[in-house]
Structure formats: C-alpha cells, structure tokens
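Have a look at the structure below, then the notes.
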C-alpha cells in the first residue's frame, strides 16, 4: 500500500543533544543495571532449569497465576534492548552476557523444539494447556524479537536457530490442519515478532502463521479458550475467568469485526501493530479498514493528552469512552511504547502525518516518562496528577516496562526516516545523519536541530550524483505558520498534504533545506465528555506536554494553583535544569489555606498572586517526591 519503508535504526546516527543523551544513558546505565536486576531476582537462573526448582519468588494469586510464567519475555526484551545498544557501541561484556543467556536457552530447549523455562522447569506435563493466561506464545514472541535483533546487529545465528526450531514446533502444534489445535495466545505479541522474522528471512511460513493467529482470534463457537479450559484436568477446569468476557484479550469477536478498543491496553496495541503489518504486506483492505476504525476510536475517546492509554489498574486497560481520570490513571509505559509501534505501522500504510503526530507525542511523553534521568528508575503507571505519593522504582514484580522503554530508546533512530524507490520522508527531527539509497543512488542526509526545544531545522541532502526524487517533510499537526526554504528560496509550506510537504526536484550535492516550525506555548482543552478535565487546561509546546511540579512551585501542593485564562504563557530556556530544557512560565493565583480552620465554611478560600512554572511531563519525579499535575484549573479573566 505505502511505497515507504523505515530506515533501520543502525543506519541512523543520533547526533542531536536530546536523544544522544538518552541513548548514552541507556547504553551506560540502563542495560547493565537491568541485567544485574534480572540476576538478583532469579530470572536469569530460571533459564538454567534448576532441579529441584526453587520456591516461587512471587507466589500464585488466588486464581493460580504467578508473574513468573512470563520471565522468559523479560530476558527476550533485555537481549533485544542490549542488541540495539550494541549497534551504537560494541561492548564485549554485554555481548558475553547475551551469549551466556543464549547458552542457557539452547541447553533448556526440549528435543522437540519446545522452549518455555517455566513449563520445562516446573510443569512439563502442562505445556500448551492454558494459552488464555500463561503467555507461552507471548514469551516466544519476545524471545524471537531478541533473536532477530541480535542477528541483525552481530550476524550470529545461534539464537535465531534456537527460535526457529521452537517456531517449527509451534507451527506443527497449532493451526487448522488435522490434529492441530486452533489456538492463539491470550497476550498478543508473537504476531508482530513473526512479521519481523518474515521481513528478515522472506520465509512465507512465518507470514502465514502470523496471518493464521490474526484471523483465528475471536472465532467462535466454540471459543478456543473455552475448549482449552474444558481440556484442563482437575480443579483448574472449574476455575472461573477473572474477567467478565474475552474483551480483555481482544478475542471477543473476530478482529475484522472489532470497532471499539477494549481490554488490556498493551495486548490491544500489539495486536493492532501486527494487523497493520499484515494489512500492508497482504494488501488487505478489510484489515486496513479495521485498523483505521480502531485507531479513530482510540484517538477520539480513549487517549490521554500525554498519549497514555488505559485508565484502569483492574484490567491494565480500557473502560468506557472519555474515562480519563488523572490521579488514578494507569497509562502503562508499555502501552505508550506499543502505541508507537502501531503508529509507525499505520504511517507506512498511508503516509499520513496524523500517525506521525501520535508517534511523536507518545515517544516524548507517554513512553519517555517511564524512564528516569539516571536511567535506573522507572514508572509502570504514568498518572497525570499526583499528591506526591508515587515514586519511581528500581525494579518491579512485573518488569515489562523497564526493558520496553530501554529497547525503544536504543532503537529510536529507526523512527526518523523512511525511504522509497523514488523518495525519502522525514517523520521526526532531533539531529540525525544517515546514508540511504534512493533509486540506486546513495544519498547522504543530515538533519541538524535542537529539537524538541527549538523548531529551527536544517537538512543537508548530498546525493553521490544528481538525482530526481521526493523529499517529504513532516509538518507537525501542532505547528502553525511553518516556513520552508530550499537553498534559500521559499517553498510553499501551505502546499503540505496530510501533514507532509513533498518537494520534488533534481537534488545535487550540498543542497540545503531549512524548516522553521514555530513553537509557541499553547493551551489544550479536553472534550466535554472528559468530566475529570472540566474547567482545566493542559499546557503544550511543540511535541512536549508540560506539568506543574511542586519542586518548581514551592508553597504546598500544586493543586492549589490556578491559571488565569488571560495569562500569557512564556517559554523560558533553563540551562540549569536537567542539562538544559525549556520551561513554561505564567502569572497565576494560589489558594491560601493558612486561615482555613474547619473542614467546611461559608466563605471561599483566599487567593494570592503567584508565578507558575511548568516543566516537560516526561521529567517529573526526578527530584524526589512532590505533587504534580498536567491539567491545571483555569480561572476566568
């Protein structure tokens, strides 16, 4: 459908200060510290299948479930993140640690190819008996993504060979043929991993099985999870499902019939990512339409202003339209990372800037907030308001978000550019360099900017020989009054279509393009259906959503502050904060609680003038505990 394909992240060098700093932190601190935690919590030892197995680190819940069933996935994500890191900077110690994990996985693999360390070590007689709850294919998917990444960076096939043997076992076990089980995992993930393997190898069996998993999901009667439950022995077959229906795993109906986004947010995003991949690869108009309908539902009724997804901790996901509470927002880091995956696939179905806008929003806000400045502390949930209680943690009983955010940052270069036979498209800005091939001509590209703090962008286009092709420049949806010049001559930025200005010309060495993307601070208001944000305003500048944090607004909880509607918002560069950022300032008012002696009274609280300071949301909770809010009460006048 789309002519464009992403430029792989190893071909994109990050040169701008913003992403270079984040990448260095992940390489130097995040990846090594995560490996240490995997060891401390027994996750690495579990790969060795110790006999007898040690007591559970995390006891079973009342429904019999323990998070240890998906420890394999944490190892897979760490290998993937570490592999991405190696593409930027080879590290013998990290490579040795990856090889050691592969050693253990290879030794653990059963003769028939099966590879799941929970079942091999603890319940070998229960393999493939509970796909609904126990993540066997999900684990396989994350291990597969790690194997693909490690091969792409190092050229070493051993881990990939292990996983392909496992896949052959899975392909023989599941499907629509005689004697096969018509199953699929309760937690989607393997589907998008199989698409990565297909793109790498070109082997159609991987594409076919991904298509089977997508097409089989939700088919009934009977529902596969019901059939599976009946097959299980003993009391487990009587164990009721903890959720009311199969919306939790997006298996309540066939995917092409789904028109509302429901259930667990991460599962949904992984599913839609694979659906979009398949729609592009198979030119499947029906699947593409389903993706578009589901996308609109998320954008119009379910996404936080930070690109967070999922208001509810109960199902780690969605409830009903416009249910977007702030202080209790779940907004799992993994969900925003997965939204980025989906947005990128939708962008390559149609080169439409609305998808790149959300990709960027999620990257700078909903996802990046999950990783601390020091690279060793995290948020699983990302609320939009805090009384000061939440703090970043150094690990979690379910550490999925830790490696999800590190693998995103380590591979972020792969989201900047796409190429086609006759063009190149810039989706993101922030200082990058890359060599690409367009129509058989090698073209050097370099984008220089201080984005996201500044919208002044310079791009050099250096083909080896003069070549005619398209240069598509994203004009962000948040930007008004963009200006573009080619070699000093004005281009008509107003001619942009669907968020991209396409410049076609015969490019020559040393051609230069400049963009001016104005970034005035802006106010955002929520749909009236979002009653939690009635009478409140969110602040944004460029791609960054801002918040008030107590550290910058001393005197009590920030919830006491109001922003007059007439107050001017000012962007203020602050070299003294977080290595150099831009804050927003304004005059405001603050409620004075000093004279309040009773719980209720007949006169309102006194208000005093104050100065308001806002920082980018992704940076909150990096200076100790304190209150925070994104949606600021607005005062008329």
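Which count do you get for residues in the range 126-138 that are out of contact with any helix residue (DSSP H, G or I) (no Cβ under 6 Å at 6 or more places or on another chain), in contact (Cβ under 8 Å) with a residue 60 or more places away in the chain and not in a helix (DSSP H, G or I)?
Residues flagged as out of contact with any helix residue (DSSP H, G or I) (no Cβ under 6 Å at 6 or more places or on another chain), in contact (Cβ under 8 Å) with a residue 60 or more places away in the chain and not in a helix (DSSP H, G or I) within the range 126-138 amount to 2.
Considering only residues that are touching a residue at least 40 places away in the same chain (Cβ under 8 Å) and out of contact with any helix residue (DSSP H, G or I) (no Cβ under 6 Å at 6 or more places or on another chain), which ones fall in the range 139-157?
Correct list: 152, 154.
Matching residues to (1) modelled with pLDDT under 95; (2) under 29 Å from residue 310 (Cβ atoms); (3) over 25 Å from the mean Cα position of the chain (by Cα):
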{"residue": "192", "(1), (2), (3)": "no, yes, no"}
{"residue": "203", "(1), (2), (3)": "no, no, yes"}
{"residue": "209", "(1), (2), (3)": "no, yes, no"}
{"residue": "228", "(1), (2), (3)": "yes, yes, yes"}
{"residue": "235", "(1), (2), (3)": "yes, no, yes"}
{"residue": "253", "(1), (2), (3)": "no, yes, yes"}
{"residue": "261", "(1), (2), (3)": "no, yes, no"}
{"residue": "264", "(1), (2), (3)": "no, yes, no"}
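If the requirement is being within 28 Å of residue 149 (Cβ to Cβ) and out of contact with any strand residue (DSSP E or B) (no Cβ under 9 Å at 6 or more places or on another chain), which of these qualifies: 411, 434?
Answer to the selection: 411.
Only one of these is closer than 20 Å to residue 306 by Cβ and without any contact (Cβ under 8 Å) to a residue 60 or more places away in the chain: 610, 603, 583, 589. Name it.
Among 610, 603, 583, 589, only 583 is closer than 20 Å to residue 306 by Cβ and without any contact (Cβ under 8 Å) to a residue 60 or more places away in the chain.
Which of the residues belonging to the range 106-120 are surrounded by 20 or more Cβ atoms within 10 Å (Cβ to Cβ) and assigned to a helix (DSSP H, G or I)? Before you say what the answer is, go through the steps one by one.
Step one: of the range 106-120, the residues surrounded by 20 or more Cβ atoms within 10 Å (Cβ to Cβ) are 114-119.
Within the range 106-120, 117, 118, 119 meet the criteria.
Can you tell me how many residues in the range 140-160 are in a helix (DSSP H, G or I) and either over 19 Å from the mean Cα position of the chain (by Cα) or surrounded by fewer than 24 Cβ atoms within 10 Å (Cβ to Cβ) (or both)?
Residues meeting the conditions: 11.
All but one of (1) under 17 Å from the mean Cα position of the chain (by Cα); (2) at negative phi hold for residue 350; which doesn't?
The number of the failed condition is (1).
Report those strands (runs of 3 or more DSSP E) wholly inside the range 524-637 carrying at least 2 residues which are touching a strand residue (DSSP E or B) at 6+ places or on another chain (Cβ under 9 Å) and closer than 24 Å to residue 373 by Cβ.
Numbers: elements: 536-541, 544-549, 561-564, 570-574, 581-592, 606-616, 632-635.
So the answer is 536-541, 544-549, 570-574, 581-592, 606-616.
In the range 512-543, how many residues are more than 18 Å from residue 364 (Cβ to Cβ), surrounded by fewer than 18 Cβ atoms within 10 Å (Cβ to Cβ) and in contact (Cβ under 8 Å) with a residue 24 or more places away in the chain?
8
Condition first: in contact (Cβ under 8 Å) with a residue 24 or more places away in the chain and part of a loop (DSSP other than H, G, I, E, B). Now tell me which residues in the range 54-105 satisfy that.
58, 63, 64, 65, 89, 91 - these are the residues of the range 54-105 that are in contact (Cβ under 8 Å) with a residue 24 or more places away in the chain and part of a loop (DSSP other than H, G, I, E, B).
When you go through 552, 576, 592 one by one, which is the residue that is buried (at least 18 other Cβ atoms within 10 Å of the Cβ) and outside the structural domain of residue 374 (by TED's automatic domain parsing)?
552
Are any residues in the range 79-137 farther than 30 Å from residue 247 by Cα and touching a strand residue (DSSP E or B) at 6+ places or on another chain (Cβ under 9 Å), and if so, which ones?
88
Please work out if residue 563 is in the same structural domain as residue 606 (by TED's automatic domain parsing) and within 28 Å of the chain's Cα centre (by Cα).
no
The values are calculated or read from the model by the stated rules, or taken from the named source; none is laboratory data. Just so it is clear, the model here is predicted, and its values are computed rather than measured. Cβ sites come from the backbone with ideal geometry, for glycine too, and all protein chains shown count toward neighbours.
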